[in-house]
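**Q** Mind having a look at this structure? Questions to follow.
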Amino acid sequence: MFKSGFAKNIITPARGVPLCGYFNPRPNIGVYDDLCVKALLMEKDGLKAGIVSFDLCFPGEDLLEAVFKAAQKASIDYLDNIIFCATHTHTAPYPSSFFGDPPDKDYLENTAEKTVDAILRAEKSLAETEMFTGKAFCDTLAFNRRYWMKNGKVVTNPGKLNADIVKPEGPVDYDIPMAVLKQNGVITAILANIVNHSDTIGGETVSADWPGRMEREIQNALGYDVPVMTLLGCSGNINHFDINWADPQTSYEEAKRIGKGYAEVLVKALPSLQQVNISEFRLDSSSVRIPFCVITDEQCKEAQELLERTSHSESNGNMTSEGLASGDGPVARFFAQQLLAYAKNHSGKSRVFRMLSMKFGNEFALVSLPGEVFTEIGMDIKKASRFPQNMVVELAMGDCGYVPLPECFSRGGYEILPVEGGGPDHNTAIQLRKEGIALLNK
């Protein structure tokens, strides 16, 4: 018998706690909507495993350490069987140090306690469950944000209606794998594996971004508060900016528009989902050692020279997407400072991340990847899987930073730049693709 249980807790921070996701901490000035931690626990034949999703930018090392400590006190012995991931909202507190800025310790401890509480309540609510899977499709809300320019280089977010744009660098994965859980004929959870960045709002007001609005719209459509877990697909080079649309797309209204758009396609797809014969519930895992890039003396020299010839006052500028594209002023200084810090603290070292796969019979599986992985990797993993239905979940079990394809590093765009906490080796995409395929096909 296959069982599932779900629980959630609100993890909205106190006013003034800094928000993560941009280049400087932003003390929050209020709340648009609540952040949550959601715990889905599943069990069959003695195996307990699950998914915990945070409405945070990424599942930070500091947060996961606090969760594991709290779980030990609560005598939870199956924590290694849980995939911890994040919805990647950029209007939530720091889950770990980010660009050298520390997290709020009280917030981390409180979030860890609420995470453990949600896991335990999900366990207590385990009940016989049916699973249904399938796909939705949406090609109007996500775009490859890296573009070839007339000068032969690639630029990330080059600006709307930019006449120098030639074409997108790569594809977009428009498929939305779905899984629906039912108990006594009632939907008790919806999982959607959507490929798109969750950064539409900007500013200093707390929000779960479009995943939060999508859940609300689905609940409105179904008429009750069904839990919805947004499991991000490989979105490292994908976002919501339509460069052919002149209107601005950074606002809470945009989060509502995108959330509503995804909700409509997911609700429309519900009748087409097919029941899964969960003859076996299986978990496989592996550890991957991901090296940092090696920074040369020449790179450090160039960065130091840039800092010496530019004004410190330029560090106080506004880090807009247009500024990132041009690399001017404060952006140039920021990345020069980050390179020097990276060379000191990370160059030549490595980190170890766990990857997990969950398999439901012979029909549906999911696998976790650490970091913001370029979309081509997720598409390759799904194509090579032996399962007809697959989810590839990024920003899970930690964050190694952006994971571009090896050929992207010579082309441009800010995803390739070494920053503290990110900057994995240039072959990391190949490594994660190989390991993801191996885990699914075990």
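**Q** In the stretch 90-171, what percent of the accessible surface is made up of carbon and sulfur (1.4 Å probe, ligands and nucleic acids excluded)?
**A** 50
**Q** In whole Å, what are the Cα extents of the stretch 176-292 along the three principal axes, biggest one first?
**A** 50, 47, 28
**Q** Among DSSP bridges having both ends in the chain, what percentage is antiparallel? Round to the nearest 5.
**A** If we restrict to bridges inside the chain, about 80 percent are antiparallel.
**Q** Cα-Cα over 31 Å: which of 153/383; 3/382; 150/434; 8/434; 256/434; 44/383?
**A** Working: 153/383 29 Å; 3/382 26 Å; 150/434 34 Å; 8/434 34 Å; 256/434 37 Å; 44/383 28 Å.
Listed pairs above 31 Å: 150/434; 8/434; 256/434.
**Q** Placing unit charges on C-beta atoms (Lys and Arg positive, Asp and Glu negative, everything else neutral), compute the dipole magnitude of the stretch 73-156 about its Cα centre in debye, rounded to 20.
**A** That gives the stretch 73-156 a dipole magnitude of about 720 debye.
**Q** Take the solvent-accessible surface of the protein heavy atoms, probe 1.4 Å, and return the percent of it on the stretch 174-247 that carbon and sulfur atoms account for.
**A** Whole-percent figure for carbon plus sulfur exposure: 39.
**Q** Here's another thing I want to ask about it. From the Cα gyration tensor of the chain, with a ≥ b ≥ c the square roots of its eigenvalues, which class applies: rounded if a/c is under 1.5, or else prolate if a/b is larger than b/c, or else oblate?
**A** Numbers: a/c = 1.55, a/b = 1.48, b/c = 1.05.
Prolate shape, in that a/c is at least 1.5 and a/b is the bigger ratio.
**Q** Then there is this: To test your reading of the geometry: what angle, between 0 and 90 degrees and rounded to tens, separates the Cα axis of helix 209-222 from the longest principal axis of the chain?
**A** Value to nearest ten degrees: 30.
**Q** Quick one: putting +1 on the C-beta of Lys and Arg, -1 on the C-beta of Asp and Glu, what dipole do you get for the chain around its Cα centre, in Debye to the nearest 20?
**A** Numbers: 44 positive and 56 negative charges, 169 e Å.
It comes to approximately 800 debye.
**Q** On the accessible surface of the stretch 330-442, probed at 1.4 Å, how many percent belong to carbon and sulfur atoms? Numbers along the way, then the final one.
**A** On the way: 1930 of 3650 Å².
Carbon and sulfur atoms account for 53 percent of the accessible area of the stretch 330-442.
**Q** Compute the long axis of helix 252-269 from its Cα atoms, compare it with the longest principal axis of the Cα atoms of the chain, and write down the angle in degrees, 0 to 90, nearest 10.
**A** Tilt relative to the chain: about 40 degrees.
**Q** Let me ask something additional. Net charge within 14 Å of residue 424 by Cβ-Cβ distance, Lys/Arg positive one each and Asp/Glu negative one each, not counting residue 424 itself?
**A** -3
**Q** Where does each of 232-238, 294-300, 355-361 land if you order them by average Cβ count within 10 Å, highest first?
**A** Put in order of decreasing packing, that is 232-238, 355-361, 294-300.
**Q** If we count every other residue with Cβ under 14 angstrom of residue 266's Cβ, Lys/Arg +1 and Asp/Glu -1, where does the sum land?
**A** Values: positive: 135, 213, 216, 260, 268; negative: 175, 215, 217, 264.
Once all neighbours under 14 Å are counted, the net charge is +1.
**Q** Next question, about the same structure. Lys/Arg Cβ at +1, Asp/Glu Cβ at -1, dipole of the chain taken about the Cα centre: which of 46, 429, 75 is farthest positive-ward?
**A** 46
**Q** A follow-up question, please. Ranked from highest to lowest mean number of other Cβ atoms within 10 Å per residue, what is the order of the peptides 5-11, 207-213?
**A** Order by mean packing, descending: 207-213, 5-11.
**Q** Averaged per residue, what accessible area in Å² does the chain show with a 1.4 Å probe, protein chains only?
**A** Values: 17790 Å² over 442 residues.
Per residue, the chain has 40 Å² of solvent-accessible surface.
**Q** Taking the Cα centre of the stretch 101-223 as origin, work out the dipole magnitude from +1 charges on Lys and Arg Cβ and -1 charges on Asp and Glu Cβ, in debye rounded to 20. Mind dumping the intermediate values first?
**A** Working: 14 positive and 19 negative charges, 119 e Å.
Roughly 580 debye, rounded to the nearest 20.
**Q** Let me ask something else about it. Of the peptides 428-434, 220-226, how do they stack up when ordered by the mean number of other Cβ atoms within 10 Å, highest first? Please report the intermediate quantities before stating the final value.
**A** On the way: 428-434: 21.1, 220-226: 12.6.
In descending order of packing, they fall as 428-434, 220-226.
The values are calculated or read from the model by the stated rules, or taken from the named source; none is laboratory data. This is a predicted model, so every value here is computed, not measured. For neighbour counting, all protein chains shown are included, and Cβ atoms are generated from backbone atoms with ideal geometry for every residue, glycine included. Ligands, DNA and RNA are excluded from the accessible area calculation, which covers all protein heavy atoms including side chains. Shrake-Rupley method; radii C 1.70, N 1.55, O 1.52, S 1.80 Å.
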